[in-house]
Amino acid sequence: MFQSPRGTQDILPEDTVVWRYLERRAEATACRFGYGEIRTPTFEETGLFLRGVGEATDIVEKEIYRFEDKGGTDLALRPEGTASIVRAYLQHGLANQPQPVRLYALITAYRYDRPQAGRFREFRQFDVEAIGDDDPLCDAEVISILWRYLEELGLRGLSVLLNSIGDPVCRPEYIRALVAYYEPHEGELCADCRRRLRTNPLRLLDCKVPSCQPFAEAAPKTVDALCEPCASHFADLRTYLDAAGVPYVLAPRLVRGLDYYTRTVFEVVPPRIGAQSTIGGGGRYDGLAEVLGGKHTPAVGFAAGLDRILLNLRAQGCPLPGAEVPDVFFAPLGVEAKRAALPLADAARARGLSVVIGTGDRSMRARMRQAGASGARLAVILGDDELRERRAAVKDLAGGAQQAVAFADLAAYLAETVDRAREGSGEAAAPAGLAPDREGEAAS
Ligand code: HAM
């Protein structure tokens, strides 16, 4: 039998409820800050990621899903969302709109990595980008969006790690100092770090290999090497974060795994820090649009890993919506009763109820077991007597009470009963995504 590919997940109905909740919360938060949704293709020309993300990054060197299509075009599944969004910004002339252009996206991304808890080959991101403005207020804004989103989901004990890694004016000098610091220790570094010393020295700072830690800890700090404009940008950002009430911790070794960053970089980590713990990360990427062939376009953004957010929500016991169950289960006995059930069920659906009709040939006992297993609140029993009298027997599956209701009044009766039960159980106060949504769907 076939299995889903390694590092991918099937999301079954009891979990899609939770996923939709995460996605709707993300949309709602982004909308509250004035961000509009953008959707870009799942695959792009490979060159976009080679240039955008950087050839010397793990993502491009080791993890990219790259293929040639039948027309001979070199394509890749997106390993992240930012390069595509900036490509779309340039392609559609969004620079002509008021700046910054505020965009968000809910995407799947693909990285060929060793799967483990919280690390998948296909994963989901909530991506937020403010493109076309270098104001540190934009940096504070996107960090606030991430922070509010996670806070409102109920996650506790998170930290925002913050650093500035300078720009093309001050960074070259810093890199020279960093390489000069590391070179005498080259023989003591791990194989990856020896390579990084030549290809991507900034990444030396966040090597996870224990024997490299002491060198990284004592290395020169990026914040100490900032030029005046970068230093004042960082200082302003910090005052804005303070004013917005977003707590953060300075993290002098934070550099991120993508090449496009300038100035601000940040990550959000949960309380228990492990290799795969980062929930979300981002930063400023003022040079990316130019690298992709456009005009100089300052920009800042982040992506949050929804798979990891969900793992953390579950680990912390945060409230999540339960499995969706139908409101009403129709229990027909025989073909005649099934025929009668069809229009009656539709009339109830037209009032916004979720209704299933029991299938197969079953005894009334088996039918009622079916009704119980469905999780529905009410069962509508349609046997020979009910058909003759054109009155259904409506049973409250939790309380057991039963009521005869004329077919003509059935839909209204079911809707009222379900509404009353919802109010009584305080369902409206439960995590959004169930009852309010169903109403929305029925109205449209
Ligand atoms: P990133 O740090 O590569 O940044 O990914 C962002 C988040 O995606 C991570 O913090 C993590 O939660 C999640 N993530 C990454 N890889 C995996 C994986 N293999 N399995 C599960 N979750 C994963 C970016 O992607 C940048 N585009 C962020 C950005 C937007 N910077 C500026 N704008």
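No value in this document is a laboratory result; all are computed from the given coordinates. As the structure is a computational prediction, the values presented were derived from the model and not from experiment. Backbone-built Cβ (ideal geometry, glycine too); neighbour counts: all protein chains shown.
Summary of values
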item: Exposure proxy order (Cβ contacts within 10 Å, fewest to most) of 309, 11, 38; result: 11, 38, 309
item: Among 294, 166, 132, residue whose mean-square fluctuation peaks in a GNM of the chain (springs only between Cα atoms under 10 Å); result: 294
item: Size of electric dipole in the chain: Cβ of Lys, Arg +1 and of Asp, Glu -1, about Cα centre, debye, nearest 20; result: 1080
item: Ratio Rg/Rh, restricted to region 128-173 and using Cα atoms, in which Rh is the Kirkwood radius; result: 1.09
item: Under 29 Å from the Cα of residue 221 - lysines, other chains or at least 8 residues apart; result: 62, 208
item: For region 1-99, fraction of C-alpha pairs farther apart than 23 Å, in %; result: 48
item: Furthest towards positive pole of dipole, 7, 57, 30, structure part region 1-79, Cβ charges; result: 30
item: Dimensions (Å) - the chain, Cα atoms, principal axes, largest first; result: 93, 51, 43
item: Principal-axis tilt of helix 228-244 within the chain, Cα atoms, nearest 10 degrees; result: 30
item: Helix 171-182 vs. the chain, principal-axis angle (Cα, 0 to 90°, nearest 10); result: 80
item: Descending semi-axes in Å of region 207-296, equivalent ellipsoid built from Cα gyration tensor; result: 23, 18, 16
item: For the chain, calculated [θ]222 nm from helices alone, where every DSSP H run of n ≥ 4 adds -39500 (n - 2.57); result: -12000 deg cm²/dmol
item: Cβ-based exposure ranking for 302, 120, in which fewest neighbours within 10 Å come first; result: 120, 302
item: Size descriptor, Kirkwood hydrodynamic radius, that averages inverse alpha-carbon separations across region 71-176, Å; result: 16.9
item: 3J(HN,Hα) from dihedral phi, region 73-81, Karplus parametrisation 6.51/-1.76/1.60, rounded to Hz, x for glycine, proline; result: 7, 7, 10, 9, 5, 5, x, 5, x
item: Listed residues 136, 326, 79, most fluctuating in the chain (Gaussian network, C-alpha, under 10 Å); result: 326
item: Gap separating the Cα centres of region 1-62 and region 233-267, nearest whole Å; result: 23
item: Nearest 10 degrees, 0 to 90: helix 13-32 Cα axis against the chain principal axis; result: 60
item: Which of 185, 233 has the fewest Cβ neighbours within 10 Å, and the rest in rising order; result: 185, 233
item: Cα extents of region 314-431 along the three principal axes, largest first (Å); result: 53, 27, 24
item: Percent RCO, i.e. relative contact order, over region 104-249, from Cα pairs under 8 Å lying at least 6 residues apart; result: 28
